[in-house]
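Structure first, then comments.
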Amino acid sequence: MPDTADILRLESMQVHFPIQGGLFDRVLGRPAGAVRAVDGIDLNIGRGEIVALVGESGSGKTTVGRVITKLAQPTGGRLLFEGEDMTSVRGSSALRPYRHRVQMIFQDAYQALNPRHTVFDVVAEPLRSLRLVDNASQLADRVSEALAAAGLNPPGDFFARFPHELSGGQRQRVVIAGALAVRPELIVADEPVSMLDVSIRAQILQVLVDLRDKHNMALLFITHDLPLAWSIADRIAVLYLGKLVEIGSADEITFNPRHPYTVALRNATPQIGGNADRGKLPALQGEVPSAARVPRGCRFHPRCPLAFDRCREEEPPAIEVGPQHLSACWRSEC
Amino acid sequence: MSESTVRYSPRGRTRAIKSFLCQFLGHGGAQAGLVCLVFFLVLAAAPNTLVGPLQTAINATGDFLVPPSGEHLLGTDEVGRDVLNLVVHGARISLTIALLATVISLVVGTSVGITAGYYGGRVDVWLMRLTDFFFVMPSFVLALVITPVVLEVMGRGGDILGFRPSLFVIIVVIGMTSWAFVARIVRSQTLSLKERTFVDRARVVGSSNIVIMVKHILPNLLPQIAANGALVVAGAIYVETSLSFLGLGDPLQPSWGTLLALAQRAGAASAGAWWDLGAPGVCVLTVSLSFVLIGNALDDTFNPRRRVIP
Ligand SMILES: Nc1ncnc2c1ncn2[C@@H]1O[C@H](COP(=O)(O)OP(=O)(O)OP(=O)(O)O)[C@@H](O)[C@H]1O
Ligand code: SF4
Ligand SMILES: [Mg+2]
């Protein structure tokens, strides 16, 4: 079970992408806006803990993952790994120790594999670039070991294959093997099963859960699927338009959600008993607003059935509604 | 390397290469181009055994401007040299110049293009300004500027890396004026390749920028480079011919362009000596055309979407 010490912390993490104003705006000196993809997030992940990051498309999940894996540079806030500030560390050699401990699994495994690299090349790449092996036989051993751990058996049969010679599930296993070949302490998994057949999903999830159980590896599991998050995670963080609206244990979030957005999310998924509450709150209406035009006040208010005057003016802070359970809603106060 | 790596590694690549070759060789244009090219490569490889040593005014074997006959299959030129002999020896000079110039062009163009596209920002701006400068520079002007300098420094005699100084200048000039084209294509491809997820993954697993450029981006550029490289060779042969025709060649190592220039100056056209101008001219046309055909075939093989539906 999870250790209490945090391995990773995000403090008021913020990623704004500048919008390139048109020529007209520039001539008139109009300020170009920004896409507030991630807009002040506090999140901690414990050693060996599985945290699910849940949100609709465009809520900024991938961007959070990219910040943690140092693929995107935040515009504000801090990224702390075991208390050490990694926010401004850059360059492949300076990041080598960090890369050794934090890895990533991508949503689209086909895109994540270089079409001209064999499976062996893919899994060997981190071992070579992070200088984790001394000689070729060690390299081959660790590649085999990683492929086997990711469920590709016998590993030798896959060495010389190219990505197009693999099935979708096998490709994702290759990506996973590449990530776990370095024996990281945290893996960011960005919708690792959303492109896969339902029949293969459970197997891939099992590989990830095994990693935690055997090696005490922490996992940030990014998904848009609340029941899936509940089935795998210890804690769930719900993201809406770049901000965490609710965070708590998986059971609390799933069966006792406090934020109207989480409630709506759950109502939209009958598998976890959404039906029981249907009467209380209507289903979500309207489109997700664009991250380029985040509403004033509570960013959920245009779609919130419980919105009142204060919501349109003031942004609610994260309010403690239970042990380890925070909800950013004015209605949670009482 | 462990037993299993050695046993399995080559197989996938061999298979990929085999299937590529099958497709490529099935292409009509590629077949025609390859046949011509092999023919000229054989000429270039062994001119002495095929037609004897290069003839000069001193060891010329025939009369002046004899039309083609059994003795001189392609006739003779204005000093009695056998045109077949000259053309076969010219193949070696012309092809060597074109291929070496292409190598320079591809190496410089690819390095500049990848660097500009991958790093972007200010690096991109400055490298692309440099590229544009070379892109618009006429090769003839550059040759005129460089030739006297090189000849002054090196002297007219002797050789540079086995080439007479003026030929060396031609190689460098063609290389310098053709890489910009390659750099532009490579840059635009790099811009899209670097956004691919596999480049993100390479970064996450700790690969440095150099490794990403060489191991991830370059292999995906090779089809483009190969296809355009063939076009660069065709262009190089053409430029070499015109530079030599304008008198920048070396009469002691005559390329097809030099032969054309000599024939022209001797008044072959007005004397009705069509063989003297026609033989090197047809060679230039055939070889550049076969490289264009090969380049297009490579392009079609690598971009199946562009292939015309039969
Ligand atoms: N490089 C970028 N430049 C500009 N805007 C970006 C960039 N990357 C992401 N965004 C914007 O940031 C917002 C969040 O994007 P992100 O990809 O993180 O969402 P997501 O939650 O992963 O969505 P999905 O479920 O569709 O993958 C979106 O509005 C997106 O358009
Ligand atoms: S703060 Fe107001 S608008 Fe926002 S979720 Fe709570 S009730 Fe709805
Ligand atoms: Mg995403």
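The values are calculated or read from the model by the stated rules, or taken from the named source; none is laboratory data. As the structure is a prediction and not an experimental result, all values here were calculated from the model. Here the Cβ positions follow ideal geometry from the backbone for every residue, glycine too, while neighbour counts run over all protein chains shown. The protein model used for the area step is the full one, side chains on, heavy atoms only, and it has no ligands, DNA or RNA in it. Shrake-Rupley method; radii C 1.70, N 1.55, O 1.52, S 1.80 Å.
Quick one: would you say residue A:142 is more than 7 Å from chain B (Cβ to nearest Cβ) and more than 22 Å from residue B:220 (Cβ to Cβ)?
yes
Do we have any residue at all in the range A:161-178 that's within 10 Å of chain B (Cβ to nearest Cβ), assigned to a strand (DSSP E or B) and either touching a residue at least 40 places away in the same chain (Cβ under 8 Å) or not aromatic (Phe, Trp, Tyr) (or both)?
no
Quick check on the range B:146-167. Is at least one of its residues acidic (Asp, Glu), in contact (Cβ under 8 Å) with a residue 60 or more places away in the chain and in a helix (DSSP H, G or I)?
Looking for residues that are acidic (Asp, Glu), in contact (Cβ under 8 Å) with a residue 60 or more places away in the chain and in a helix (DSSP H, G or I), one finds none in the range B:146-167, hence no.
Checking residue B:124 against (1) within 14 Å of chain A (Cβ to nearest Cβ); (2) open to solvent by less than 30 Å² (accessible area, probe 1.4 Å); (3) of a type in the set (D, E, K, R), which test does it fail?
Tallying (1) within 14 Å of chain A (Cβ to nearest Cβ); (2) open to solvent by less than 30 Å² (accessible area, probe 1.4 Å); (3) of a type in the set (D, E, K, R), residue B:124 fails exactly one: (1).
Please enumerate the residues belonging to the range A:211-235 that are open to solvent by 50 Å² or more (accessible area, probe 1.4 Å) and assigned to a helix (DSSP H, G or I).
Result: A:213, A:214, A:215, A:230, A:231.
Can you report the number of residues in the range A:186-200 which are within 13 Å of ligand 1 (Cβ to nearest atom) and either over 13 Å from residue A:64 (Cα atoms) or at pLDDT below 85 (or both)?
3
What is the residue count in the range B:35-79 for residues that are among the hydrophobic types (A, V, I, L, M, F, W, C) and in a loop (DSSP other than H, G, I, E, B)?
11
When you go through (1) open to solvent by 80 Å² or more (accessible area, probe 1.4 Å); (2) at pLDDT 70 or above; (3) among the hydrophobic types (A, V, I, L, M, F, W, C) one by one for residue B:6, which number turns out not to apply?
The number of the failed condition is (2).
Is there any pair with a first residue in the range A:290-312 that is more than 15 Å from residue A:331 (Cβ to Cβ) and within 6 Å of ligand 2 (Cβ to nearest atom) and a second that is in a helix (DSSP H, G or I) and open to solvent by 40 Å² or more (accessible area, probe 1.4 Å) whose Cβ atoms are under 8 Å apart and which are 6 or more apart or on different chains, and what are they?
Cβ pairs passing all conditions: none.
So, of the residues in the range B:213-224 that are under 20 Å from residue A:127 (Cβ atoms) and within 9 Å of chain A (Cβ to nearest Cβ), which turns out to be surrounded by the fewest Cβ atoms within 10 Å (Cβ to Cβ)?
This residue is B:219.
Being touching a helix residue (DSSP H, G or I) at 6+ places or on another chain (Cβ under 7 Å) and either farther than 15 Å from residue B:275 by Cβ or not aromatic (Phe, Trp, Tyr) (or both) narrows it down to one residue among B:39, B:24; which is it?
The match here is B:24.
So residue A:288 ticks every box in (1) within 16 Å of ligand 1 (Cβ to nearest atom); (2) at pLDDT 90 or above; (3) of a type in the set (Val, Ile, Thr) but one. Which box is left unticked?
Going through the list (1) within 16 Å of ligand 1 (Cβ to nearest atom); (2) at pLDDT 90 or above; (3) of a type in the set (Val, Ile, Thr), residue A:288 breaks only (2).
If I go through the range A:291-332 residue by residue, how many of them are within 16 Å of ligand 1 (Cβ to nearest atom) and at pLDDT below 90?
5
If the Cβ limit is 7 Å and pairs must be 6+ apart or interchain, which residue in the range A:249-265 that is over 16 Å from residue A:225 (Cβ atoms) and more than 14 Å from chain B (Cβ to nearest Cβ) pairs with which residue that is among the aliphatic types (A, V, I, L, M) and within 16 Å of ligand 1 (Cβ to nearest atom)?
Short answer, once both residue conditions are applied: A:259/A:238; A:259/A:245.
Tell me the residue from B:262, B:248, B:252 that is closer than 19 Å to residue B:99 by Cα and open to solvent by 20 Å² or more (accessible area, probe 1.4 Å), please.
Of the residues listed, the single one that is closer than 19 Å to residue B:99 by Cα and open to solvent by 20 Å² or more (accessible area, probe 1.4 Å) is B:248.
If I filter the range A:49-66 down to residues being more than 6 Å from ligand 1 (Cβ to nearest atom) and assigned to a loop (DSSP other than H, G, I, E, B), which single residue comes out as most open to solvent (accessible area, probe 1.4 Å)?
For the range A:49-66, the residue satisfying everything is A:56.
Output the number of the condition that residue A:43 fails; it satisfies all remaining conditions of (1) out of contact with any Asp or Glu (no Cβ under 7 Å at 6 or more places or on another chain); (2) in a loop (DSSP other than H, G, I, E, B).
(2)
Do we find that residue A:73 is at pLDDT 90 or above, more than 16 Å from ligand 2 (Cβ to nearest atom) and either out of contact with any Gly (no Cβ under 6 Å at 6 or more places or on another chain) or within 30 Å of residue A:252 (Cα to Cα) (or both) in this structure?
Against the criterion (at pLDDT 90 or above, more than 16 Å from ligand 2 (Cβ to nearest atom) and either out of contact with any Gly (no Cβ under 6 Å at 6 or more places or on another chain) or within 30 Å of residue A:252 (Cα to Cα) (or both)), residue A:73 qualifies.
Quick check on the range A:84-103. Is at least one of its residues touching a helix residue (DSSP H, G or I) at 6+ places or on another chain (Cβ under 7 Å), closer than 18 Å to residue A:190 by Cα and assigned to a helix (DSSP H, G or I)?
The answer is yes, given that some residue of the range A:84-103 is touching a helix residue (DSSP H, G or I) at 6+ places or on another chain (Cβ under 7 Å), closer than 18 Å to residue A:190 by Cα and assigned to a helix (DSSP H, G or I).
On the given criteria, is residue B:88 free of Cβ contacts under 8 Å to residues at least 40 places away in the same chain and either part of a helix (DSSP H, G or I) or touching a strand residue (DSSP E or B) at 6+ places or on another chain (Cβ under 8 Å) (or both)?
For residue B:88, the condition - free of Cβ contacts under 8 Å to residues at least 40 places away in the same chain and either part of a helix (DSSP H, G or I) or touching a strand residue (DSSP E or B) at 6+ places or on another chain (Cβ under 8 Å) (or both) - is not met.
Can you pull out the residues in the range A:134-172 that are of a type in the set (A, V, I, L, M) and either modelled with pLDDT under 90 or crowded, with 19+ Cβ neighbours inside 10 Å (or both)?
A:139, A:140, A:143, A:146, A:147, A:149, A:150, A:152, A:160, A:166
Filter the range B:44-65 down to residues that are closer than 14 Å to residue B:275 by Cβ and open to solvent by less than 40 Å² (accessible area, probe 1.4 Å), then give me how many there are.
Qualifying residue count for the region: 1.
Taking residue A:268 as meeting all but one of (1) hydrophobic (A, V, I, L, M, F, W, C); (2) at pLDDT 85 or above; (3) within 16 Å of ligand 1 (Cβ to nearest atom), write down the number of the exception.
Here residue A:268 meets the rest and fails (2).
When residues of the range B:167-189 are filtered for being buried (at least 24 other Cβ atoms within 10 Å of the Cβ) and of a type in the set (Ser, Thr, Tyr), how many remain?
2
Which is touching a Gly at 6+ places or on another chain (Cβ under 9 Å), among the hydrophobic types (A, V, I, L, M, F, W, C) and within 14 Å of ligand 3 (Cβ to nearest atom), of A:38, A:54?
The unique qualifying residue is A:38.
For the range B:244-264, indicate whether the set of residues that are more than 24 Å from residue B:146 (Cα to Cα) and not β-branched (Val, Ile, Thr) is non-empty.
Yes, the range B:244-264 contains at least one residue that is more than 24 Å from residue B:146 (Cα to Cα) and not β-branched (Val, Ile, Thr).
Looking at (1) within 12 Å of chain B (Cβ to nearest Cβ); (2) over 17 Å from residue A:232 (Cβ atoms), find the lone condition where residue A:190 falls short.
Here residue A:190 clears every test but (2).
So which residues in the range A:97-124 are touching a Gly at 6+ places or on another chain (Cβ under 7 Å) and facing chain B (nearest Cβ under 7 Å), if there are any at all?
The answer is A:99, A:104, A:118.
How many of the residues in the range A:70-93 are among the small types (Gly, Ala, Ser), more than 19 Å from residue A:7 (Cα to Cα) and away from every other protein chain (no Cβ under 11 Å)?
Summing the residues that are among the small types (Gly, Ala, Ser), more than 19 Å from residue A:7 (Cα to Cα) and away from every other protein chain (no Cβ under 11 Å) in the range A:70-93 gives 1.
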